[in-house]
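Since the structure comes first, as structure tokens, the remarks are kept for the end.
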Amino acid sequence: MKEKEVEKLLEKIKSLSDTDRQKLKELLTDSDSKELVVSEDEPDLVEELPEEIKPIILKLPKEEQESAAKSIMTFMSLTISATHWEGPLPPAWYFKEIEEIIPGGAERILKSFEKQTEHRQNLESKIINKLVKAKEDKPLVSYLHLWD
């Protein structure tokens, strides 16, 4: 981790709202003791940090070092991932990953997509046919009965 990344991480930690800090603390607490889960074997968390982060933490006042180290260790252990794509189907790499996890999973996704597409197109066709028939017959009365 580069020094700038660590500094940004520290800024994010400092900017957390009290609610977010509480949520983070709850994620890291032992349900029985309600204390932060830190092993008794690791009294100095700064020593557990990656080498490129230690010098930055050591620049902080002594009383803030342990807290900053806990925060960094927390953020290093929590990984949040989000993926977004546009279009009806995910990209090819997604199917490859699915296949690695669930053999045949990509085929199942494609079949489900095809089935849903066919279903949607059938419904659209039925609605269009009813609207055309309604317009040809009795415009207002037929339209009102369309949704019965």
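Suppose the filter is farther than 23 Å from LYS8 by Cβ and among the acidic types (Asp, Glu); does GLU52 pass it? Talk me through it step by step, then tell me what you get.
On the way: farther than 23 Å from LYS8 by Cβ: no; among the acidic types (Asp, Glu): yes.
No.
Residue check: is GLN22 assigned to a helix (DSSP H, G or I), modelled with pLDDT of 60 or more and touching a helix residue (DSSP H, G or I) at 6+ places or on another chain (Cβ under 7 Å)?
For GLN22, the condition - assigned to a helix (DSSP H, G or I), modelled with pLDDT of 60 or more and touching a helix residue (DSSP H, G or I) at 6+ places or on another chain (Cβ under 7 Å) - is not met.
Which numbered condition trips up LEU45, out of (1) surrounded by 15 or more Cβ atoms within 10 Å (Cβ to Cβ); (2) of a type outside the set (Val, Ile, Thr); (3) modelled with pLDDT of 80 or more?
With respect to (1) surrounded by 15 or more Cβ atoms within 10 Å (Cβ to Cβ); (2) of a type outside the set (Val, Ile, Thr); (3) modelled with pLDDT of 80 or more, LEU45 is out only on (3).
Can you confirm whether region 49-57 contains a residue that is modelled with pLDDT under 85 and surrounded by fewer than 10 Cβ atoms within 10 Å (Cβ to Cβ)?
yes
The values are calculated or read from the model by the stated rules, or taken from the named source; none is laboratory data. It should be emphasised that the depicted structure is a prediction, and the values quoted were computed from it without experimental measurement. Heads up, the Cβs are rebuilt from the backbone with ideal geometry, glycines too, and the neighbour counts pull from every protein chain shown.
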